[in-house]
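To start, the structure under review is shown below, and the notes come after it.
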Amino acid sequence: MHSSNTDLRQSHTRLIWVDGLETPPLFRCRCGCPQRGEGGDAASHGAATSVGTHPQPRGAAWNRALSSRAQGDGAHRCGWCFVFALKEALALAHDGFEAARAVAAGRRGRLTVGYMFALGYAVLPKLVPELRRTLPGVDIQFVEMSASTYEMLISEFKVTVGLCMPPLQRSGIATVTIGKQPLLLAMPARSPLARHKVVPMAKLQGMKLVGLPSTRVENGADTSPIGSLLRRHHITAHVMQRVETVHSALALVLAGEGFSIVPACAALGSPPGVSFRPLEDDGGGMEMAVCWRQDLDNPLVKPFISAVQAAMA
């Protein structure tokens, strides 16, 4: 009976120490573990508060229970070394649990943001500070995308979310529209059309154009926003060549290779010698959207969209 009561008290005391994190008095370590410093037995340690002391267990039951660990391995030969290691393991487990909760709540984690070249100057200077403010614990990386790479980058999880223009219209891709960019006609500054405040649509008939990539083709027809605009006005233009980015298009416009219909954001950071004029009808402009894999279960997507909407407001 006495043994049973001692075991019960021992178990109860152990639970109180681990769960309540109480701090008993101190005693000198007798196990020779790294915690006690140099020297062999208790007598070599000096005062109870010297290097190598461990908290004193409360009662003889604790001493007997913890000394039963004395035959353990390596640095944990005494009971208190074992308890300290257990306490540290519990603290690490708690930290891991809290980190997992933070990731699930969208407060921590990693976010890889893809953005179209043309949207760099228009969106990033406003968006990045908003992201740093609203997602301070998130590691954010930015990846450039083009019309020929953005589908692959999003579909193959190379980026978490993409800032796309126009939106990626594919099965399995989710999109949220965040705004529109008006369409402008880019031309050499010396062109007679630069004298117009607004370019009549009829002026585009037979024009030599430097085209942007056609992201949508149906039955051989360009169904992109620019292609649809020209077709709606029955305009036949000569697309001399297509380039990957608006920056390349502007370089060829400056070189005298033709005109180019571009989103208004292309005027930001454009080279000297290129002028931009609005069109009489731009068809409502070109949509910008946040795009991501529909089956992507990432809690950071929603706060990212909110940050984009706030930055674009």
Under 5 Å from the placed amide H of Phe259, counting only residues 5+ away or on other chains, we find Lys208, Leu209, Val210
Phi-derived 3J(HN,Hα) across region 296-304 with the Karplus relation (6.51, -1.76, 1.60, θ = phi - 60°), rounded Hz, x for Gly and Pro, is 7, 9, 10, x, 7, 5, 4, x, 5
Looks like region 170-313, by Cα gyration tensor root eigenvalues a ≥ b ≥ c and the a/c under 1.5 rounded cutoff (else prolate when a/b is bigger than b/c, oblate otherwise), is prolate
Cβ-Cβ cut-off under 13 Å around Pro192, Lys and Arg +1, Asp and Glu -1: the net charge is +4
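Can you put Asp282, Asp222 in order, fewest other beta carbons within 10 Å first? List each step's numbers first, then the result.
Working: Asp282 21, Asp222 18.
Ordered by Cβ neighbours within 10 Å, fewest first: Asp222, Asp282.
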Ranked from fewest to most other Cβ atoms within 10 Å of their own Cβ, Ile178, Ile235 fall in the order Ile235, Ile178
The answer for Met286, listing residues at least 5 apart or on another chain whose modeled amide H is closer than 5 Å to its amide H, is Gln181, Leu183
Once Lys and Arg are counted +1 and Asp and Glu -1 for all other residues with Cβ under 15 Å from that of Leu279, the total becomes +3
Set Lys126/Lys302; Lys158/Lys302; Lys158/Lys208, cut-off 25 Å on Cα-Cα distance; pairs above it are Lys158/Lys208
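Every read-out reported here was derived from the displayed coordinates using simple, explicitly stated rules and does not represent laboratory data. Here the structure is a predicted model, which means the values were calculated and not measured. Here Cβ is always computed from backbone atoms with ideal geometry, including for glycine, and neighbour counts include all displayed protein chains.
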